[in-house]
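Written out below as structure tokens is the structure these notes cover.
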């Protein structure tokens with residue numbers, strides 16, 4: 001866990017993931033899509049996991065959100081996953097400049113203690129700017145609950161996490 005060669009590899013790995021997400025965001029943005037890059041930190045059953053996510057919405061399907069994510073687990077390894085969320089803000093009548101999305105999520109924590117997790121995820125966002133640049137900057141909270149595979153006991157347990165995020169829209 002405290003391998004001196006492991007720590008230097010984390011920085012280039014996270015940098016490579018960040019560049020890949022930024023490239024995907026800029027490419028998709030040029031193709032008339034709504035793209036957001038997200039800095040987030042989650043805390044829960046698998047520990048504290050800071051990371052990055054990308055939210056992609058096609059212009060023809062604004063309610064469907066594809067959300068891949070990468071994160072650094074407590075064992076200093078990189079994990080990741082994807083969620084498919086549905087923006088239900090219009091259906092539940094929340095105020096303007098607020099958004100609420102729900103859907104399934106699957107992640108691999110890639111840690112010594114936990115591997116796969118399948119859960120339901122919800123995000124609530126608040127638009128910081130409004131007006132002509134609506135949703136360019138937003139903040140929010142997220143929560144997930146579901147099954148997580150405990151590698152030490154070789155069984156599945158109830159897993160939960162909550163987190164905070166900042167989102168920048170291209």
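What follows is calculated from the coordinates using simple rules that are stated; it is not laboratory data. In this text, all values refer to a predicted model and were calculated from it rather than measured experimentally. Heads up, the Cβs are rebuilt from the backbone with ideal geometry, glycines too, and the neighbour counts pull from every protein chain shown.
Any idea how far apart residue 39 and residue 155 come out in nm if each label point goes 7 Å out from Cα toward Cβ?
4.1
In nanometres, what is the gap between the two model label sites at residue 141 and residue 102, each 7 Å from Cα along Cα-to-Cβ?
1.6
If I stretch the segment between residue 124 and residue 74 completely, what's the gain in nm (0.36 nm per residue apart, minus their alpha carbon distance), one decimal? If you can, show how the numbers build up before the last one.
Details: separation 50, 0.36 × 50 = 18.00 nm, distance 2.53 nm.
That works out to 15.5 nm of additional length.
Round to a whole angstrom and tell me the spacing of the C-alpha centers of segment 135-165 and segment 61-115.
First find each Cα centre; the distance between them is then 9 Å.
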